[in-house]
Structures are given as structure tokens and as C-alpha cells.
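A quick write-up on the structure given underneath.
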Amino acid sequence: MNTEGPQEVWKIGDVKISRVVENVTNVPPTLLYPNASLETLSGDLEWLQPNFLDNEGNMLLSIHSFLIESKGKRIIVDTCVGNDKTVPFPQWTELKTQFLSHLADAGFPREKVDHVLCTHLHFDHVGWNTFLKDGKWIPTFPNARYLVGATEWDFWGGKEDPYGASTNEQAIQPLLDADLVDLVETNHKITEEVRLVPTPGHTPGHVSVEIESKGERAVITGDLFHHPLGFAHPSWEDTADIDGDIAHQTRVKFMKQYGDGPALILGTHFASPTSGKIVSDGDSYRFEV
Ligand SMILES: [Zn+2]
């Protein structure tokens, strides 16, 4: 399935948030959650299907960017896989999408972006940091500051990502060479309305993004929750987490903080409709769209 293009817009007070999709795929849930099956999810199928699980029990996994307009600034949260990048997953490698024209259609031509925030430095969050031109990786957003968590860079700097995706060489080093990177703390404020929230575990410097304006609030999860099933099963191993114990603790804390509250949750890999509320369900939680 491929539903790339501009879709879905939210208003949080004065802040506008849009989502541009690069790619949506159906993957076996065991790719990320070894415990997941139609049997172990039987109590959750009613709210997971059809938006987040298909009939065969495959997860819908969306790769998209969130575009935030706040206080006159254009902010991109996560930059997907990118074109021409070689990654060891057939559905995401060597892409040739029209992602940049979809960004422009959504009001984000690449020259007009002010901030690029990567929630963490896995390949599917940094890809469009650069694009290939005449055999060289060029910063896609020449007038932006690229915000990279200092803790995250401490961990990844000089190290290759576990997926062998040449992330540092192709998506980070060209930005450093062009002096476009600001290393920021995990509670950094981008504008008065948009701030980072430390949510470690998936990676050491992983952040979520909180948006607050005129008494309304939204939170972008990042990969703290790869899929809504994580709300019901926060302790299940997620094979992409670097520190599973810390990720589990962070998920529980996040749900205590935002669960049964007014905050709109925007999932970084949640397929459409992508947004919803965390609601308690017995001694667990589920996602209500
Ligand atoms: Zn991801």
C-alpha cells in the first residue's frame, strides 16, 4: 500500500500541524513485537482494526513527517527515509517518491523551513535531511537549523546505525559540514508553543514533542510507541528499542501523564487517522480515535 501525499491537518490553539506521508506498509507485527499475534491481541482487535491492523493481523506502519507552523516558524518533525537511500528493508530502500513536492504543496517548500527536528537518529527519521544531487548528499533544507539531541549525538556520533543504513555519512555529516546543526537538550523549546520532552529508551536521546497553545495540547510520540498496540502492551519487547527496560518505564510514565487527559496524541508511525486519545481500559490503556 502506498498513500503518499499531503493528508490530515490539526489545529492546536494557534498552531497548525499537518502530516505528509512518505510510505505506508503492512508488516507482520513480529517485525517489531515478538509477542504479538492474533491470539495475544484478541482482546484488542476491536479497537485496533481496521485502522491499525489489517484482517490478517498485519500492522499498518506509516512513515510520515509532521509539519508544525508556530509563531511564524515552519518546523518539520522527522524526515522519513528519503529518496535513493539504501536500507536493509525492501519496502523502504531506494525510494523515488515525490515527497518534496508534497511538502511544498503543504506550505513547506524546502527553502522556507526554519527548523528540522529529528526525534532520534534512526534511518526512517533522518532520510530527507539530505538528498542526492550529482552523486553528493546535499542538505535538503538550506535555510533551516537542524536540531539534534546532544544526548542522541553523544551516543551515535562516530557510530553506524544498527541497520547499516549509512545514516551518519549520508544524512548527518553533510549537515555538520554545512554548519547547519544545533545540538540541543532533550527539553529544548523551539518556540513558546513547541517544546521537546525527553522520552528515552527507544534510543538514549529520544524525544517526543509537545505542542501547547491557548489551553490546547498535542504530543508527537516519536518511536516511544511504534504502534497503538503499545498502549495496551507497554511491557512487550519492541525489537528496535535500544534499552527495553527504560523504554517500558518511559511508556508507562507517558501514559500516566497523558492518559485520560485532553492531550491529542499524534503517532509518528500510526496509520491514518494517526491522532487520538489515550484512554484507560481496566488496568491497561487503549487508543481512541
Ligand atoms: Zn521509526
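The values are calculated or read from the model by the stated rules, or taken from the named source; none is laboratory data. Quick caveat, the model's predicted, so the values are computed rather than measured. Don't worry about glycine lacking a Cβ; one is built from the backbone with ideal geometry, like all the others, and counts go over all protein chains shown.
Some observations on this one:
- Residue among Glu22, Glu46 that alone is part of a helix (DSSP H, G or I) and of a type in the set (D, E, K, R): Glu46
- Each residue in region 110-166 was checked for being free of Cβ contacts under 8 Å to residues at least 24 places away in the same chain, at negative phi and part of a loop (DSSP other than H, G, I, E, B), and 4 pass.
So that you can scan it fast, the table gives a plain yes or no per residue for (1) within 19 Å of the chain's Cα centre (by Cα); (2) of a type outside the set (Lys, Arg); (3) away from the ligand (no atom under 15 Å from the Cβ):
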{"position": "Thr40", "(1), (2), (3)": "no, yes, yes"}
{"position": "Glu56", "(1), (2), (3)": "no, yes, yes"}
{"position": "Ser65", "(1), (2), (3)": "yes, yes, no"}
{"position": "Lys73", "(1), (2), (3)": "no, no, yes"}
{"position": "Thr97", "(1), (2), (3)": "yes, yes, yes"}
{"position": "Asp105", "(1), (2), (3)": "no, yes, yes"}
{"position": "Lys136", "(1), (2), (3)": "no, no, yes"}
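- Within region 21-44, the presence of a residue that is out of contact with any Gly (no Cβ under 7 Å at 6 or more places or on another chain), closer than 24 Å to Gly135 by Cβ and surrounded by fewer than 18 Cβ atoms within 10 Å (Cβ to Cβ) is excluded.
- Of all the listed residues (Phe141, Phe123), the sole one being in contact with a helix residue (DSSP H, G or I) (Cβ under 6 Å, 6 or more places away or on another chain) and more than 16 Å from the ligand (Cβ to nearest atom) is Phe141.
- Sole exception among (1) hydroxyl-bearing (Ser, Thr, Tyr); (2) within 16 Å of the ligand (Cβ to nearest atom); (3) over 17 Å from the mean Cα position of the chain (by Cα) for Thr151, by number: (2)
- Criterion: modelled with pLDDT under 95 and small (Gly, Ala, Ser) - qualifying residue of Ser284, Ser280: Ser284
- Residue satisfying condition, being under 19 Å from Leu32 (Cβ atoms) and surrounded by fewer than 24 Cβ atoms within 10 Å (Cβ to Cβ), within set His206, His202, His248: His248
- Residues located in region 113-134, provided they are farther than 17 Å from Ala178 by Cα and not acidic (Asp, Glu): Cys118, Thr119, His120, Leu121, His122, Phe123, His125
- Every residue from region 154-210 that is among the polar types (S, T, N, Q) and either out of contact with any helix residue (DSSP H, G or I) (no Cβ under 9 Å at 6 or more places or on another chain) or more than 21 Å from Met255 (Cβ to Cβ) (or both): Ser166, Thr167, Asn168, Gln170, Gln173, Asn187, Thr191
- Strands (runs of 3 or more DSSP E) fully within region 190-229 that include at least 2 residues being among the polar types (S, T, N, Q): 207-213.
- Screening Thr191 against (1) within 16 Å of the ligand (Cβ to nearest atom); (2) more than 21 Å from Phe287 (Cβ to Cβ) leaves a single unmet condition, (1).
- Hits in region 75-91 (condition: within 16 Å of the ligand (Cβ to nearest atom) and in contact with a Gly (Cβ under 9 Å, 6 or more places away or on another chain)): Val77, Asp78, Thr79, Cys80, Val81, Gly82, Lys85, Val87, Pro88
- The single residue among Ile265, Ile211 that is in contact (Cβ under 8 Å) with a residue 60 or more places away in the chain and either surrounded by fewer than 21 Cβ atoms within 10 Å (Cβ to Cβ) or over 25 Å from Pro162 (Cα atoms) (or both) turns out to be Ile211.
- When region 174-183 is limited to residues that are touching a residue at least 12 places away in the same chain (Cβ under 8 Å) and assigned to a helix (DSSP H, G or I), the one that is surrounded by the fewest Cβ atoms within 10 Å (Cβ to Cβ) turns out to be Pro174.
- Scoring Thr186 on the criteria (1) surrounded by fewer than 22 Cβ atoms within 10 Å (Cβ to Cβ); (2) over 18 Å from the mean Cα position of the chain (by Cα); (3) β-branched (Val, Ile, Thr) leaves a single failure, condition (2).
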